[in-house]
Each structure stands twice: as C-alpha cells, then as structure tokens.
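Since every read-out is calculated from the coordinates, none of them should be taken as a lab result. All figures in this text were calculated on a predicted structure; none of them were measured in a lab. Here the Cβ positions follow ideal geometry from the backbone for every residue, glycine too, while neighbour counts run over all protein chains shown.
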Ligand code: C2E
Ligand code: CA
Ligand code: CA
C-alpha cells in the first residue's frame, strides 16, 4: 500500500496531466477551426521561426552578433538593435489591436445583416412575420402536411378598423394593430404562427389541428379576442373580426392556393353575413354553420327564457306512488322540432351559459310546482361545470327564496364526472347544499369514476342507477349481478336507490324484488309539461278526495 501522501501527489499529478491534455486538445481544435488564411500565416511564421532557430544554432549567431557589437561599440549598433526590438513589440501590439478592431467590425456587419434580413421577414409595426416569412413557413408546413398532417390557415380581417383611423388618428390605429397582434400571438402560442399581411389583415397558421371540434374551439377563442374593446390611450375601442379558414390535410398544395381558399371563406363570411367565421371546405363549413346557428339559438333561448322545464315522475316501486319529478330541459326550435338536451346542455357548458340556463329552468320549475297538490320533490340536474362555482349554494338559495320553494323539496342531481375535477371543492359545495336542506343524488351511477371514497365522504342521499344497467336487467345476468351489488352497496352506506329507464312492468317488478326502492322511466311516465303534470295531480287529488268521501259516507251508513 503506497503512502497516502504519495497517493495524493500521484493523483494530483495525473489530474494536472489530464487537464493539460484537455487544454492541448482544445487548443488544437481552436487551431483547426481558424480561417485557412490565418492558419497558413501562422504555419509560415512557425516555419520561419524554426529555420531562424536552426540557422542561429548552426552559426552561433547570437555569440557572433554580441562579439561584433562589442568590437564595434562606436557604431551604436546595439542601441539601434534595441530600438528595433522595441519597435517590433510595438508593431505586435498594434497588429493585435487592428485585428481586434476588424473582428468587431465583422461582428457589427453580421448583426446588421441579420437585422436587415429580419426586417425583410417581419412587419416593422407589430414585429410579426410578414408575407415573405409567411410564405416560407407555410411552404414548409405544407410539405409536412402533404405526407399525413394538417395545416389550417385562417385569414382574419378587422371589421371596423377604418373608422378607428378616421376617428382617433393613425397613431391610435397603429396602437390597435399592435394590441391585436399581441393578443393573437398570445392565443396561438406554440401551436402555430401569426403573420400580418399589411393593413388590418392577419394570417394565422395552425399546425396539426384537423379535428373539427378542436378547430371550432380555436376559432371561437380567436374570435373571442374581439369581444371586449381594446384600451388605446384614453379610449376603449371596439373592433370585430371576421375569420376565413381553410384546411390542408394529406394533400399537396401551395401557400398561394391555401391562402386563396382562406380568402374565399373570409369573403363568404363577410358577404353572406354568416357570422364571424367560415370554412372553405364545404362539408366542414356546413357543419360549422349549423353549429353556429344552434349556438345562436341557444344563447337567444337562454336570454329570453325560452327553455322550458319538463317533468318526469319519480315513483315508489312498492306503492307506485309518485313522490317527485325530475326536471328536464326542453328547447323547441322555431320550426317546432325539439333539440335533444344531450346536445344543447353540452353546448351550454361550452359557451358558458349553463349557469343561466339552470337557474332559469329552476326558477320556472319552482314557480310552477310550488303549489302542486301533494308537495312533490323536484330533482334538478346540476352540471359538472357548476360544481366548480363556490357561489352555487347561494345562487340556488336565492332562487328558492325568490320563488318561495322550500329547500326540503329540492334535490340536486350530480354526475360522477363533476367529482373528479376537484374533489375538495365539490365536497365543500355539496356540504353547503346539504346544510340548506337540499337533497343530493348521484346521477348515472355506474358510468363514471366514482370510488368508494366518493360515496363515503360526500353527503349523498341517493344513487341513481344508470339506465344502461336497468334496461338489460332481464336478459343480462351480468347486469343483474351488477345491480344487485349496487343495491347491497347502497344499503351498506345507508343511501336510497333510484333506478332510471324503467320501460316495462317486468323490469319494475324485478327491481323491486332485488331491493331497489324507487324508480323512473317511460313505464311510469314520460317527461311532460308543467301544465300536464298539474292537471294530473289535481285529478289524482280529486279522486283521492272522492274516495275519502265515499269511505266516510259508507262508514257513516254502517
Ligand atoms: P338524465 O339526467 O339521465 O335524465 C334522464 C334521461 O333519460 C332523460 O332524457 C329522460 O327523458 C330519459 N328517460 C327517462 N326514462 C326513460 C326510459 O324509460 N327510457 C329511455 N330510453 N330514456 C328515458 P333527456 O330529457 O333527453 O335528458 C338527457 C340528459 O340531458 C339528462 O340525462 C341530463 O344529463 C341532461 N339534462 C337534461 N336537462 C338538463 C338540465 O336542465 N340541466 C342539466 N345540467 N342537464 C340536463
Ligand atoms: Ca338526471
Ligand atoms: Ca341519469
């Protein structure tokens, strides 16, 4: 075993050697990286020095020179030589400085060139890529799209830009364009590029989005940028924008062609007053226009309170007595056709009107049902989106107070998907609802992601078994086992059970036998208008009163 000190020095030495080798390699690399003329000069210089050295050694040059100088002191040759030496050192310093200067010069020129190139590719006002850069980038993107990708080109044209210039001056117009450019750039982010073609015309290129739904969402977000006015100096300036879009997927097209298509779509959107955007592709455009029309109708229906509550009975399976009603939204189109809630509820969530929709429906239902004979329960559907609103309990309470509907007669139906997003927030809201006296049912049970934790930790009163399990209960052994399991689970947790989608008496009997207490479905009654339900309830009430009277009189006669 060598001495530790020795080991230490050996290690140190080897580190130094390694360091030197690394440096040497770095120098060698730096040398080979030099520009060829510089390298050649250095090689020539080194060769010259080597030759001078060899010659000096061969002829003992230095000794000869000193002897000569000493012998001829009177010529002052040594002083002259010293002066020459100092001069050459000065020359080296001078050369170094010149070299440095020319390097900096070069750098400045490269930077200027870069700036010029960038200026040629960018719009000076907004800093966005200009038409030239757009064409280059688009050509590249289209090459990729030709072999199995997608490129969407959207041309955006501001709607009331000219009046802004006329009214507030060109500086304000410029400021507005900069604001619009920034907003567009922020919205598009890394998913594509935004270019300005001059004037108030912008082009957005989106990569890889061909799905119509994703595209529509994107377009909606782009057009939403113009919903709010822009703050320009002391003024709030409102401009709209019309968008025309074209998609190239798995096809070889040119930038000119796809821009032309997007322009055609833009033109159509403007001329035909079709709203804020339009697609070049016909099939796509038809779907988009249909959807936009539906969105418009839905907004209008919510605003004018044109969505009506329908009521479907909730029945006690043992006694067949109706104890409550589920409130279901119905939207009738101008042409008299009903739109399925499955499509408009989702849309209402997307366009942000689900809150208004729910409270409108609830208000109407509470007013209609408040005085119904028998004071039945009302069960309303609460969207997952609403379960993220901490003000939900207060808002519900406000409607109840306003309409004079007792909270104890209200039930909220929550779907499982609402619980996954933010469990703690959802729980806080459900707990406050429960504290108000509102009952809570877990809807569509079995289709979502409910865990035992959800069932145990959230304040549910009941579970609604999804109709997919109920409907094949009779012929499907698996569904039977599953429903039986849910029944056992609910009993264990002290929760009531409601079976949805009961369409036959056989199904109702089977469920009652398994141990399910309540149910709902076409067998007991389809959703009906408030007026129909009210008449039914009055008839039932009258029949009950007549029966009581009959009993009383037969009792008196006996
Ligand atoms: P849901 O909450 O599961 O409501 C029950 C749906 O099943 C209703 O469809 C009802 O008409 C239907 N149904 C009832 N019994 C039977 C039956 O025996 N057989 C069959 N095949 N179907 C039956 P509807 O009214 O079309 O509503 C569909 C969904 O739309 C509802 O499912 C609910 O998730 C949603 N929805 C409806 N109105 C509202 C609302 O006001 N707010 C919210 N957030 N969602 C609503
Ligand atoms: Ca429901
Ligand atoms: Ca349901």
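The spacing between segment 467-489 and segment 126-189, judged by their C-alpha centroids, is 57 Å. Each peptide in 36-46, 364-374 gets a packing score, the mean of other Cβ atoms within 10 Å over its residues, and the list from highest to lowest is 364-374, 36-46. Globularity index of segment 359-491 is 1.13 (Cα radius of gyration / 2.2 N^0.38 Å, N = number of residues).
The simple Förster model, with R0 at 30 Å and r as the Cβ-Cβ distance, assigns residue 213 and residue 235 a FRET efficiency of 0.20. Treating the angle as unsigned and between 0 and 90°, give the value, to the nearest 10°, between the Cα long axis of helix 282-303 and the longest Cα principal axis of the chain. Relative to the chain, helix 282-303 is tipped by roughly 60 degrees. Spin-label model, residue 371/residue 147: points 7 Å from Cα along the beta carbon direction are separated by 7.6 nm. For the chain, the longest principal axis of the Cα atoms and the long axis of helix 505-514 meet at an angle of about 70 degrees. Between residue 270 and residue 159, residue separation times 0.36 nm minus the direct Cα-Cα distance comes to 39.0 nm. Extension gain, residue 395 to residue 71, is 105.1 nm, computed as 0.36 nm per intervening residue step minus the present C-alpha separation. Evaluated at q = 0.22, 0.23 Å⁻¹, the base-10 log of the normalised Debye intensity for segment 25-116, with identical point scatterers placed on the Cα atoms, takes the values -1.21, -1.23. Where a ≥ b ≥ c are the square roots of the eigenvalues of the C-alpha gyration tensor, would you call segment 52-168 rounded, which needs a/c under 1.5, or, failing that, prolate if a/b is larger than b/c, or oblate? Here segment 52-168 falls in the oblate category.
One decimal place: the segment residue 318-residue 491 gains 60.6 nm when fully extended, by the rule 0.36 nm per residue minus the C-alpha distance. Looking only at the chain, where both bridge partners belong to it, what percent of the DSSP beta bridges are antiparallel (to the nearest 5)? Approximately 60 percent, going by the DSSP bridge assignments. In this label model, residue 477 and residue 86 are separated by 11.4 nm, measuring between points 7 Å along each Cα→Cβ vector.
Across the alpha-carbon atoms of the chain, the computed radius of gyration and Dmax are 41.9, 168 angstrom. A Förster radius of 45 Å combined with the Cβ-Cβ distance from residue 350 to residue 174 puts the calculated FRET efficiency at roughly 0.80. The peptide list 176-183, 478-485, put in order of mean Cβ contacts within 10 Å with the highest first, becomes 176-183, 478-485. Helix 77-121 and the longest principal axis of the C-alpha atoms of the chain enclose an angle of approximately 30°.
With the helix formula -39500 (n - 2.57) applied to DSSP H stretches of n ≥ 4, the chain reaches a computed 222 nm mean residue ellipticity of -19500 deg cm²/dmol.
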